[in-house]
1. Can you order the peptides 222-232, 28-38 by their average number of other Cβ atoms within 10 Å per residue, highest first?
2. Provide Rg and Dmax in Å for the stretch 641-687, with only Cα atoms included in the calculation.
3. Give me, ordered by chain and number, the residues 5 or more places off Gly108 or on other chains with an amide H under 5 Å from its own placed amide H.
4. For P(r) over Cα pairs in 20 Å bins from 0, in percent, pick the label among [x] 14, 39, 29, 14, 3, 0; [y] 15, 47, 32, 6, 0; [z] 12, 37, 35, 14, 2 that corresponds to the value derived from the coordinates.
5. Relative contact order of the stretch 1-74, please, whole-number percent, based on alpha carbon pairs below 8 angstrom and at least 6 residues apart.
6. On a full-extension model of 0.36 nm per residue, what is the gain between Ala567 and Arg686, subtracting their alpha-carbon distance, rounded to one decimal in nm?
7. Send over the Kirkwood Rh of the stretch 84-234, from the inverse of the averaged 1/r over different Cα pairs, rounded to one decimal Å.
8. I need the calculated FRET efficiency for the pair Glu74 and Arg655, taking r as the beta carbon distance and R₀ as 41 Å, to the nearest 0.05.
Amino acid sequence: MTAITEPPAAALDHAITTALRRIPPLWPLGHFVAVNPFAGLSGLPFTGACALLQRTVGTVPLLPPAGYLALYEEGAITDAHLDTVADDPGSAAALVGALRRHVGAATGAPIPTVADLLDRESPHAHWSVFIAEEISKWCAVALDDNQTIWRFPWRDAGLYAGWRSAALVDGNPEAFGLAGFRAFVAELPGDADAAIAHCLQRLGRHEADPTDFLHRQLASVAGWAGYAQYLRREAQMRGGDHSALRDLLAIRLAYDAALHDAHARDEVFARDWPRATKGVADETLIGVLARWQLAYELGHQQELARALCAQPSHRPAARPEFQAVFCIDVRSEVLRRHLEAAAPGAQTLGFGGFFGFPISHRAADTDVPTARCPVLLVPPISTVEAAGAGEVAAARARRARSGAWKAFQNSAVSCFSFVETAGLAFAGVLGRNRDAGSCGCAGPAPEWAAPAADATAAQAAVACGALDSMGLTRNFARLVLFCGHGSQSANNPYASALDCGACGGHAGDVNARLAAATLNDPGVRACLADRGLLVPDDTWFLAGLHNTATDEITLFDVSSVPASHAADLAALRRVIEAAGAAAARERAAALGLATLPATRLPRSLRARAADPSEVRPEWGLANNAALVAAPRSRTAALHLHGRVFLHDYDAASDRDLSVLTLILSAPVVVASWINLQYYASRVDPRHYGSGNKTLHNVAGGIGVVEGNGGDLRTGLPLQSLHDGRAFLHEPRRLSVFVEAAPDALATVLAAQPAVRELFDHGWIHLFALVGDRCLRYRADGWSPVS
């Protein structure tokens, strides 16, 4: 039996630090981005992490045996796939037999909290739910993001200190049956670390490993723990720290310790708690399920590998009709394919949708800048919206009116009655209520903020780095389009999840416009030439935005396009209109609009985007399965069904492997976060999803709760994965295909251990495309894909 009673200070600090590190961050709704829900566990092999999660979260991120059997019976998993992943050739029958024997079996049991144990001992107890609701109510007001009108009096004291002050006068726990709660809180130390040690001492001896026990405590309030981790991560990336996550651990332990004290004389509890399980994980069954998951992924990997190997690898020799750079987002694959069909002489490229301009942007109607870059970065560039005094005043007035209406909706006295109060007038507001981001709107252009004396040189350095990284350094077309993307939906707390992850959960228009304006600047062009990057005088850069809900493309700042390029612009408009219409028709079937006449489809898509009752304005990145980093010729002839992230990469131009390093350490990591969030939300919606969208209520302006209370929900709503009849998303871990020599990939991975462990430990898969061969990476070497 391992004692968790007053461990040495160093051991306790290590246990706390390790437990905190296991918690994945949860971004707030205002700039929600997909996150790997296993981010703190990538140092463990996938199957080992599954066993740990069974003990601490209470589940494994794998389908149940019946789920894999269904895939086997429908042919998605074959005996050949099973033989390939088995230890011994010809073991498919053994794996099938093992799975059938385990249908309905549990993969184990988690470490119980005191609340869990009391709930188990009494069918009428609901302590786990009660504690989650209590913690949620205090976190919502203490960490409120300007949603509520009432200000928490102890907000500035820190989460633990504020909670302790509030709990001293809160009679709710005692009314629910937790006798002596306020007296217990009064005895707690004022410091969170001291409170953690105090509570562990009160809890006494327990079989669980201290780190796992603390992890289990946080996992019982995983949503708020995730948001606290987000606050901590953001502070640490900027050289500071944030105490919210450690404070939350102290708060959660306090409720368990108070329950322990209140039930210490209960004969059954006094007998059961010291013997409470350390958590059980059936590692044999977990290993079987993990092999079935590999077999399920193998079929798609083999199919894609064969298709990629059959394609040529080359760059266009002739000057393209025009060039269009899109985000690597899987939704761009559909549009790029149709654009190339409409203009065979054009060239499209894939790159992160921030276009190499990592900015912190301040809009005209706010004093608070937002990061428009991948969340792996701290934006080094500041930009502002180029608006005059009148435009700024008008924008702030619109925000104030919107804020007043939101405040009325969210206020304590009107949140359940504002529709009745507003009466029929509210119907008109609902009809106009939309969050279109920048889709279809051409507001003031962004400008570099506070330019320094050498601003042009600094801007040129950013521009040069961007062009180098996207492989756009020669053979420029007359028109080069940077096409960002954003979505449009109404009454949707998760609206930002449909925007560009590379832009930090915002639309990509600001980055695209800044990139185009910078590259059109004559001074920047001159600096680029000094660096050896020659952009032809007749090349003009243009910005656009792909509305992924309607597949319409808006072009920005077209009035500045030179008259000499009028015909080029007109041709581009015709092509993007045709491509958008074709992409919309392709997506229509998944939205249930396949039978709609083509002439009515655009209007229907716009109506869906503006409909406050629409739970599926679009499918986002559902069914993503792979990332390909290669010349476009490897994928141009393939119909990839909007399932593949496409990043252009030319190994021959990357002598120092700097671009390959960038791709593996940034786009691949971001894509893995997206993929694993969809994967986890699909295999275990209860623990890793956010539930039913129609039951969501926003808490603190930060996240959603399902129904009237409880913990913040994490992950994706059910409607982002399920069409009402069946799951649309197929849960496969990301397969990364790179056209590069295995030695080059190995060199980069050796220098990037955090990335290498994603592949070594089976969180995602890596393949090298070498001519007409495809090789699979494993920690012990490379092997051909059959």
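The values are calculated or read from the model by the stated rules, or taken from the named source; none is laboratory data. Since this is a predicted model, take the numbers as computed values, not measurements. All Cβ positions, glycine included, derive from the backbone under ideal geometry; neighbour counts span all protein chains shown. Ligands, DNA and RNA are excluded from the accessible area calculation, which covers all protein heavy atoms including side chains. Shrake-Rupley method; radii C 1.70, N 1.55, O 1.52, S 1.80 Å.
1. Working: 222-232: 24.6, 28-38: 22.3.
Per-residue mean Cβ counts within 10 Å order the peptides as 222-232, 28-38.
2. Taking only Cα atoms of the stretch 641-687, I get Rg and Dmax of 14.6, 47 Å.
3. Asp282
4. Computed from these coordinates, P(r) over Cα pairs in 20 Å bins from 0, in percent corresponds to label [y].
5. Values: 28 pairs, mean separation 11.9, N = 74.
Relative contact order of the stretch 1-74: 16 percent.
6. Details: separation 119, 0.36 × 119 = 42.84 nm, distance 5.45 nm.
37.4 nm is the gain from fully extending Ala567 to Arg686.
7. Values: mean 1/r = 0.0531 Å⁻¹.
Roughly 18.8 Å, rounded to one decimal.
8. On the way: r = 47 Å, r/R0 = 1.15.
Once the sixth-power term is evaluated, E becomes 0.30.
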